[in-house]
1. Among the residues in region B:120-140, are any part of a loop (DSSP other than H, G, I, E, B), more than 24 Å from B:GLN188 (Cβ to Cβ), more than 12 Å from chain A (Cβ to nearest Cβ) and open to solvent by less than 10 Å² (accessible area, probe 1.4 Å)?
2. Can we say B:SER51 is crowded, with 16+ Cβ neighbours inside 10 Å and at pLDDT 95 or above?
3. Do we find a residue being closer than 22 Å to B:THR135 by Cα, part of a helix (DSSP H, G or I) and without any contact (Cβ under 8 Å) to a residue 12 or more places away in the chain anywhere in region B:291-302?
4. Can you tell me which of (1) more than 14 Å from chain A (Cβ to nearest Cβ); (2) open to solvent by 10 Å² or more (accessible area, probe 1.4 Å); (3) part of a strand (DSSP E or B) is the one B:ARG103 doesn't meet?
5. Determine, yes or no, whether B:ALA252 is touching a residue at least 24 places away in the same chain (Cβ under 8 Å), of a type in the set (Gly, Ala, Ser) and open to solvent by 40 Å² or more (accessible area, probe 1.4 Å).
6. Hey, could you check region A:102-154 for residues that are open to solvent by 60 Å² or more (accessible area, probe 1.4 Å) and of a type in the set (Lys, Arg) and say which is nearest to the chain's Cα centre (by Cα)?
7. Going through B:ALA61, B:ALA9 one at a time, which residue ends up being under 16 Å from B:ALA110 (Cα atoms), among the small types (Gly, Ala, Ser) and either under 20 Å from the mean Cα position of the chain (by Cα) or open to solvent by 60 Å² or more (accessible area, probe 1.4 Å) (or both)?
8. Condition first: within 15 Å of A:ASN140 (Cβ to Cβ) and β-branched (Val, Ile, Thr). Can you find one or more residues in region B:147-160 that meet it?
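The values are calculated or read from the model by the stated rules, or taken from the named source; none is laboratory data. Quick caveat: nothing in here was measured; it's all calculated off a predicted structure. Cβ: placed from backbone, ideal geometry, glycine included. Neighbour counts: every protein chain shown. When the accessible area is computed, the model is the full protein with side chains, heavy atoms only, and any ligands, DNA or RNA have been set aside. Shrake-Rupley method; radii C 1.70, N 1.55, O 1.52, S 1.80 Å.
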Amino acid sequence: MTDDEELRVSKITEGTVIDHITGGQALNVLAILGIDGSRGEEVSVGMNVPSDRLGRKDIVKVEGRELSQDEVDVLSLIAPAATINIVRDYDVIEKHRVERPEQVVGVLECPNRNCITTKSEPVDSHFDVLDEGVRCAYCNTIIREGIADHIQVD
Amino acid sequence: MRHDHIISAKQLSRADIESVLDRAAEIAADPSAVADRHAGKLLGMLFFEPSTRTKMSFSAAMKRLGGDIVDMGPVDQSSVKKGESLADTVRVVEGYADALVMRHPLEGSAKMASDFVDVPLINAGDGAGQHPTQTLLDLHTIRESAGFDDLTVGIMGDLKYGRTVHSLAHALTTFDATQHFISPESLQLPRSVRYDLHETGASMREHTELDEVLPSLDVLYVTRIQRERFPDENEYREIAGEYQIDAETLEAASDDLVVMHPLPRVDEIAADVDETTHAHYFQQAHNGVPVRMALLDLILEGNA
């Protein structure tokens with residue numbers, strides 16, 4: 001990370017920095033992670049920051065929370081180039097990329113209004129991840145474009 | 001065959017299908033041999049949507065195996081009317097029966113219900129999703145009439161919402177059949193079914209007119225185009241009219257063409273076809289009993 005970016009988004013002591021998010025997707029990243037600030041998390045967001053690799057990118061820093069690989073892999077659906085930095089005592093102690101998961105559970109809402117998972121039943125949405133897009137494991141509906149539009153909001 | 005639940009035709013291998021059809025042929029040849037086979041067993045019937053053929057043939061099948069049914073009855077007289085979830089309903093009813101048969105208006109309902117029960121659950125239609133037992137009887141009909149070798153099947157009508165079509169298309173891929181899909185553009189196969197067919201490398205083509213392919217077909221599977229799929233009556237009449245067949249239409253077909261329909265038909269197959277050697281749809285409907293007997297027998301046997 002360059003000094004210039006440091007000015008925009010302050011360093012954190014402990015927690016997770018999600019870098020190289022596709023420009024404009026930071027709020028969707030937070031939505032997927034279920035972080036809306038209501039539980040008092042300290043969150044910094046940089047949007048459309050210049051990036052050598054991506055042109056423009058977003059950055060999200062979450063203080064005091066170390067996100068697990070399972071939690072972040074789902075981000076690959078909307079931010080395939082994202083990198084995850086786990087920070088302890090100002091140092092990056094772990095750095096990894098997001099990997100495409102085989103399935104995503106309870107994250108997306110099925111766009112098929114006639115799908116059982118959209119009704120008042122005790123069942124989480126469940127999508128299998130395809131090479132291109134995702135597919136509802138219950139009604140088989142395939143979403144190819146605009147996956148972020150289907151993020152489940154509670 | 002060993003499946004706890006029968007949810008989708010996609011889960012059935014060629015060997016699974018053939019084991020059901022072989023058993024169905026044995027049962028049809030000598031139904032008395034299985035008349036007491038499942039005495040004391042109960043089949044729970046959960047029909048959240050109206051059904052005539054599927055429900056009656058499952059009832060007949062269970063009773064002809066010596067068993068009996070317990071029926072939830074119409075939805076408007078059940079606990080569903082009080083707002084009970086499907087998950088709760090099936091968890092309660094599984095305590096009353098050795099296996100369940102369910103039809104429900106929502107896609108994915110059978111899969112979800114099966115997540116909540118230990119007794120085998122058979123999907124008898126989930127919205128516009130799947131109808132695997134119809135497919136088994138369709139395949140039985142095809143095997144007895146056209147056979148599976150070098151098979152070319154035309155499937156016509158409402159391919160988008162037709163659950164019998166989705167299940168049949170999946171199953172035909174296991175028999176390496178060539179499939180022609182004939183429909184108005186607005187009712188073509190859904191993306192998910194097309195995706196699966198491509199994944200399996202199925203030989204398939206899509207058409208808007210029957211004439212192009214009729215002479216090459218061994219089987220023509222006709223389905224109903226429903227009024228509610230169209231915004232207005234005139235558009236419906238115009239489009240549905242193009243996908244109706246009569247005896248004259250079939251003059252261009254092979255003499256051995258087998259015409260099938262999951263029924264009920266409205267006017268997509270004219271009554272004059274009934275008198276031709278092409279008509280197999282009533283036999284197809286009758287096959288529902290031995291095929292469902294075979295399936296129930298294999299399922300109940302496996303879970304005895």
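1. Residues of region B:120-140 part of a loop (DSSP other than H, G, I, E, B): B:120, B:127-131.
So of that shortlist, the ones also more than 24 Å from B:GLN188 (Cβ to Cβ) come out as B:120.
In the following step, the residues that additionally are more than 12 Å from chain A (Cβ to nearest Cβ) were identified as B:120.
If we keep only those that are open to solvent by less than 10 Å² (accessible area, probe 1.4 Å) as well, we get B:120.
Yes: one or more hits.
2. Details: crowded, with 16+ Cβ neighbours inside 10 Å: yes; at pLDDT 95 or above: no.
No, not satisfied.
3. Initially, region B:291-302 is screened for residues closer than 22 Å to B:THR135 by Cα, giving B:291-302.
Next cut, part of a helix (DSSP H, G or I) only: B:291-302.
In the following step, the residues that additionally are without any contact (Cβ under 8 Å) to a residue 12 or more places away in the chain were identified as B:301.
Taking every residue of region B:291-302 in turn, at least one turns out to be closer than 22 Å to B:THR135 by Cα, part of a helix (DSSP H, G or I) and without any contact (Cβ under 8 Å) to a residue 12 or more places away in the chain.
4. (1)
5. Details: touching a residue at least 24 places away in the same chain (Cβ under 8 Å): yes; of a type in the set (Gly, Ala, Ser): yes; open to solvent by 40 Å² or more (accessible area, probe 1.4 Å): yes.
Here the answer is yes, as B:ALA252 does meet what is asked.
6. Restricting to residues being open to solvent by 60 Å² or more (accessible area, probe 1.4 Å) and of a type in the set (Lys, Arg), the top hit is A:ARG144.
7. Numbers: B:ALA61 fails: under 16 Å from B:ALA110 (Cα atoms).
Just one listed residue meets the conditions, B:ALA9.
8. The initial filter retains those residues of region B:147-160 that are within 15 Å of A:ASN140 (Cβ to Cβ), namely B:159-160.
Now narrow it down to the ones that are β-branched (Val, Ile, Thr): none.
The answer is no, given that none of the residues of region B:147-160 is within 15 Å of A:ASN140 (Cβ to Cβ) and β-branched (Val, Ile, Thr).
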